[in-house]
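The values are calculated or read from the model by the stated rules, or taken from the named source; none is laboratory data. This is a predicted model, so every value here is computed, not measured. Glycine gets a Cβ as well: all are built from the backbone with ideal geometry, and neighbour counts include every protein chain shown.
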Amino acid sequence: MKAYITCPVSHTKERLNLLPEIEKIVREKGIDTFVFQIGGEPDEIFRRDYSQLKSCDMIIAEVSERSHGVGIEIGLSFCLGLERILLHQKGTYVTPLAHGMPKTTIIEYGHLEDLKKKLSSVLNKYCSQK
């Protein structure tokens, strides 16, 4: 099993500090990861990210901030049949379209420790399916 981990970076880079924490939790469950990378030419970014998404079983996206890129990744993950785990901080908006998307779990968290606990619990479901 492999997870594609992503967050928005176009408006702020505030969520980047969560990615190593998310990756650590995922790896502790025995799940391989790809953490999206910043940089490159637009066509290179698309090819790299799409290729990585195709090699994954799930996407874990921090969606507390709006982002065209993360939205596209989530849409591609749906078309590829991946499971989705969407993370958002309490008080932030997640579109009803995402709430209605099949094979999608949405985790609302208050702080980092809350996020770690909830994500770990949700990932247990996938670990038992190996």
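For the reader, a short list of remarks on this structure follows.
- Test: Leu97 is surrounded by fewer than 17 Cβ atoms within 10 Å (Cβ to Cβ) and either under 13 Å from Glu62 (Cβ atoms) or at pLDDT 95 or above (or both): no
- Close pairs from the stretch 85-102: first closer than 21 Å to Ile22 by Cβ, partner hydroxyl-bearing (Ser, Thr, Tyr), Cβ under 6 Å, at least 6 apart: Ile85/Thr105; His88/Ser64; Gln89/Ser64; Thr92/Ser64
- Residues being in a loop (DSSP other than H, G, I, E, B) and either in contact with a Lys or Arg (Cβ under 7 Å, 6 or more places away or on another chain) or touching a residue at least 40 places away in the same chain (Cβ under 8 Å) (or both) - total across the stretch 75-84: 2
- A single member of Glu113, Glu108 is free of Cβ contacts under 8 Å to residues at least 60 places away in the same chain, assigned to a helix (DSSP H, G or I) and closer than 20 Å to Leu18 by Cα, and it is Glu113.
- The stretch 47-74 - residue that is without any contact (Cβ under 8 Å) to a residue 12 or more places away in the chain and farther than 19 Å from Lys2 by Cβ and, of those, surrounded by the fewest Cβ atoms within 10 Å (Cβ to Cβ): Ile72
- Failed condition for Thr6, given (1) within 19 Å of Ser120 (Cα to Cα); (2) of a type in the set (Ser, Thr, Tyr); (3) loosely packed, with under 12 Cβ neighbours inside 10 Å: (3)
- Residue within the stretch 27-44 that is of a type in the set (Phe, Trp, Tyr) and out of contact with any strand residue (DSSP E or B) (no Cβ under 6 Å at 6 or more places or on another chain) present: no
- Close pairs (6 angstrom Cβ cut-off, 6 or more residues apart or separate chains): closer than 11 Å to Cys56 by Cα and of a type outside the set (Ser, Thr, Tyr) in the stretch 29-45, in a loop (DSSP other than H, G, I, E, B) and at pLDDT below 95 anywhere: Ile31/Met1
Rundown of residues vs (1) in contact with a Cys (Cβ under 9 Å, 6 or more places away or on another chain); (2) acidic (Asp, Glu); (3) not in a loop (DSSP other than H, G, I, E, B), yes/no style:
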position	(1), (2), (3)
Pro8	no, no, no
Lys24	no, no, yes
Gly30	yes, no, no
Asp49	no, yes, yes
Ile60	no, no, yes
Ser64	yes, no, no
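- Qualifying residue in the stretch 75-82 (condition: among the hydroxyl-bearing types (Ser, Thr, Tyr) and over 12 Å from the mean Cα position of the chain (by Cα)): no
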